[in-house]
Structures are given as C-alpha cells and as structure tokens.
Amino acid sequence: MIQYTLTEKFFSKKAIHLVDENEEVVGEITGIRKEGYERNNVFDFKPVEGSSTIVGIKKRNWKNVIQPSYGVIHGDQTYTLKDKLGDNLLYFCVTGVIESEDIYIEEDWKEDIIFKVNKQKVAVIRPLKLTGKTIFKIDEQILPDHRLFGVIILMVFMYQIYNKEAAFIMDLLF
C-alpha cells in the first residue's frame, strides 16, 4: 500500500493538498457548491493528472434524514452511496456500487475507516487526530487518476460530517 497524507501545513484558504510519501503534491481538495447537494457538504478532488472526483451529501428530505445519500461524480459518470441503515446509528458505515463493484466503507474499533471493494480491503484511512494529519494507505493499483482514489480521499470529509451530526444528536438526546 502507498501512503498519502493530508496535513495542516498544506491547508490554504482555497485548497487542501494531498501529498505522497515523498511530500510531492498529488492533488488538491476544494469545497464546492453543487445543485442538488447540501451546502458546505460537497468536495472536489483534483489530481495533478486525470479527472476530478466530486463527493457530496445529496439534499435530504424527511425520507432520507436518517440515511443520507452521497453522490459520487467522476468524469461524466454519477454514482450513489448510502449510509447502511441501522449500522449508521452506531458507527460510520456506507455502501453502494461504483462501476459494478460493491463498495463498503466502515469505521473500525480503532476509529480508522476501512474501504473495501468486492470484500477486499483496498484502503485504510486514519483520520485527523492529535498528530494534525490524516493518513491514507491505498492499494498500489489505485493511483490518483483512478475513479476510486478520489472517493477514498473525500470519504474522510463525509466521516467528519457524520461525526459532527452524531455529536449533535447525542447532545439533543442526553
């Protein structure tokens, strides 16, 4: 697996940079607005070379307030991932299909995010903690211009939104 890092020293007002093991920028992440998606909950990953990937939370209504849907746009293709109903009340868990591949993303007991494709682990995301870094370990076959690479990178932002919403709900309940 190849390691990539998002770190605070690469943050700017306009973009967050993703670097590889050699500290070389492989892409940047920006927040964007997109019709049909929640404001401030849509992100775009632009690799140095290749097509960008957009991931965002689709606008919710009373039917999907408990089970958010995530739109994934890569090139001219659009896919939908959803929180796994039931599991999402306990921990971050997202499922769906991209290009006929089953996608399963879940938080583990160490609070890492495991990204599986067709039941095979292809990435581990270690979200921002005390170190000030988010670390991604991604299978060497999934390069920055691959359609799943951007989804893996941007899923950490969906995880952060999930945690904020879960904390808000817990505050309301207790």
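The values are calculated or read from the model by the stated rules, or taken from the named source; none is laboratory data. This is a predicted model, so every value here is computed, not measured. All Cβ positions, glycine included, derive from the backbone under ideal geometry; neighbour counts span all protein chains shown. Surface areas here come from the heavy atoms of the whole protein model, side chains and all, with no ligands, DNA or RNA. Shrake-Rupley method; radii C 1.70, N 1.55, O 1.52, S 1.80 Å.
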I need the peptides 76-82, 140-146 ranked by packing, meaning the mean over residues of other C-beta atoms within 10 angstrom, with the highest value on top. 140-146, 76-82
Listed here are the pairs K58/K82; K82/K110; K34/K59; K34/K116; which of them are more than 18 Å apart at the Cα? K82/K110; K34/K116
Where the centroid of each part is defined by its Cα atoms, how far is the range 29-63 from the range 100-140 in Å? 19
Please arrange S51, S100, S69 by accessible surface area, largest first, computed with a 1.4 Å probe and ligands excluded. S100, S51, S69
If you place +1 on the Cβ of every Lys and Arg and -1 on the Cβ of every Asp and Glu, how big does the dipole about the Cα centre of the range 32-144 come out, in debye to the nearest 20? 460
